[in-house]
Structure formats: structure tokens, C-alpha cells
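S.K.: Structure below; questions to follow.
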Amino acid sequence: MEIITQKVENLPVYIFNTREEMGVQSAADAAKIINEVIAKNGVANVVFAAAPSQNEVLAELCTYTDLAWDRVNAFHMDEYIGLSPDAPQGFGNFLRRAIFDKVNFKELHFLLCDADKAEEKCEEYTALLKEYRQI
């Protein structure tokens, strides 16, 4: 599966033959960490990125039936300003299609808002992330 492992400065770098292989390994690593956090804290808070580079990881994560999704609070990382809430290009809608509608999360938190409320939403979301922060 993995073809190259190396370190760049202090960061381990793994290179795979295909995106699918990368997605399988990345999802396995993420699921392991999420399960460890749940075991330690009873709940895990996970911020999900929305991008085509995440397709294989999110698809593979959805197959993890041994992950206690009902003990995971999901957060949407970023969003366009000014799109309607149902715009297919919206990052929140990408995440809905990719994972949020496929597994049963404890809570889902989105960044959706009207353009004139963006600054207020950022402050609200910052407070929410601080509230849910785990050490």
C-alpha cells in the first residue's frame, strides 16, 4: 500500500500509490485517534474540512461502524460568504453529502449564515469551539 515513508523536518510523510490507499490509511489513523479521545473523554470533537482532497478519507470513515459516531461532535471548518444555505457549492453541503448525512453524530455545527452576519457568526463559532475544546 504505502510506497514511501520519510520525514521532512519533524513531520512524517507517507506517499501512496493511489488516493484510495491514502484515504484508507488516513481514515484508519483518524478513527484510531477519535476512538482514543472518546475512551479518554467520553466524547470527541472533530473539525471536518470540505474539499475534494477529502473525498476518499470521508468515504472510508463512513464505513467505520465500530466508531461511536453518536459520541462525536462534528464541526464544519469553513464556508463561503454569500451563498444560499442550499447552494451545492457550499462546504457545509459538501460535508452533508460526504459524511454528515451518512453517520449519526452526537451534534453537528455549521457555519451557515447570511453575508451581513458573517462577522457575528465567526464570533459565535469561535466561542462555540472554545466551549467544546478538549485538552
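S.K.: Quick one: would you say GLU131 is without any contact (Cβ under 8 Å) to a residue 24 or more places away in the chain, part of a helix (DSSP H, G or I) and among the acidic types (Asp, Glu)? Walk me through how you get there before you give the answer.
M.R.: Values: without any contact (Cβ under 8 Å) to a residue 24 or more places away in the chain: yes; part of a helix (DSSP H, G or I): yes; among the acidic types (Asp, Glu): yes.
Considered against the rule, which asks whether it is without any contact (Cβ under 8 Å) to a residue 24 or more places away in the chain, part of a helix (DSSP H, G or I) and among the acidic types (Asp, Glu), GLU131 comes out as yes.
S.K.: Checking TYR125 against (1) part of a helix (DSSP H, G or I); (2) open to solvent by less than 70 Å² (accessible area, probe 1.4 Å); (3) modelled with pLDDT under 90: exactly one of these is not met. Which one?
M.R.: (3)
S.K.: In region 51-77, how many residues are open to solvent by 40 Å² or more (accessible area, probe 1.4 Å) and within 25 Å of LYS130 (Cβ to Cβ)?
M.R.: Residues that pass the stated criteria total 4.
S.K.: Let me ask another. What do you reckon, is ALA87 touching a strand residue (DSSP E or B) at 6+ places or on another chain (Cβ under 9 Å) and either loosely packed, with under 15 Cβ neighbours inside 10 Å or under 19 Å from ALA27 (Cβ atoms) (or both)?
M.R.: Values: touching a strand residue (DSSP E or B) at 6+ places or on another chain (Cβ under 9 Å): no; either loosely packed, with under 15 Cβ neighbours inside 10 Å or under 19 Å from ALA27 (Cβ atoms) (or both): yes.
No: the conditions fail for ALA87.
S.K.: Within region 113-122, take every residue that is among the charged types (D, E, K, R) and not in a loop (DSSP other than H, G, I, E, B) and give me the one that is farthest from ALA68 (Cα to Cα).
M.R.: By that ranking, first place goes to ASP116.
S.K.: State all residues of region 52-71 that are among the hydrophobic types (A, V, I, L, M, F, W, C) and closer than 14 Å to MET22 by Cβ; if no residue qualifies, say none. Give the steps one after another, and end with the answer.
M.R.: Restricting attention to region 52-71, the residues satisfying the condition of being among the hydrophobic types (A, V, I, L, M, F, W, C) are 57-59, 61-62, 67-69.
Those that are among the hydrophobic types (A, V, I, L, M, F, W, C) and closer than 14 Å to MET22 by Cβ: VAL57, LEU58, ALA59, LEU61.
S.K.: Within region 1-24, can you find the residues that are open to solvent by 60 Å² or more (accessible area, probe 1.4 Å) and in contact (Cβ under 8 Å) with a residue 24 or more places away in the chain?
M.R.: MET1, ARG19, GLU20
S.K.: Can you tell me which condition ILE99 does not meet? The list is (1) open to solvent by less than 60 Å² (accessible area, probe 1.4 Å); (2) in contact with a Cys (Cβ under 9 Å, 6 or more places away or on another chain); (3) touching a residue at least 40 places away in the same chain (Cβ under 8 Å); (4) more than 18 Å from ASP29 (Cβ to Cβ), and all the others hold.
M.R.: (4)
S.K.: Let me ask you something else. Yes or no: PHE16 in contact with a Leu (Cβ under 9 Å, 6 or more places away or on another chain) and at pLDDT 90 or above? Walk me through it before giving the result.
M.R.: Working: in contact with a Leu (Cβ under 9 Å, 6 or more places away or on another chain): no; at pLDDT 90 or above: yes.
For PHE16, the condition - in contact with a Leu (Cβ under 9 Å, 6 or more places away or on another chain) and at pLDDT 90 or above - is not met.
S.K.: Could I ask something else about it? Could you list all residues from region 67-83 that are touching a Gly at 6+ places or on another chain (Cβ under 9 Å) and under 17 Å from ALA50 (Cα atoms)? Break it down stepwise before answering.
M.R.: Applying the first criterion (touching a Gly at 6+ places or on another chain (Cβ under 9 Å)) to region 67-83 yields 71, 76, 79-80, 83.
Once the filter is applied, which keeps residues that are touching a Gly at 6+ places or on another chain (Cβ under 9 Å) and under 17 Å from ALA50 (Cα atoms), region 67-83 yields HIS76, GLU79, TYR80, LEU83.
The values are calculated or read from the model by the stated rules, or taken from the named source; none is laboratory data. Keep in mind the model is a prediction, meaning the values are calculated, not measured. Backbone-built Cβ (ideal geometry, glycine too); neighbour counts: all protein chains shown. These area figures cover heavy atoms from the full protein model, side chains too; ligands, DNA and RNA do not enter into them. Shrake-Rupley method; radii C 1.70, N 1.55, O 1.52, S 1.80 Å.
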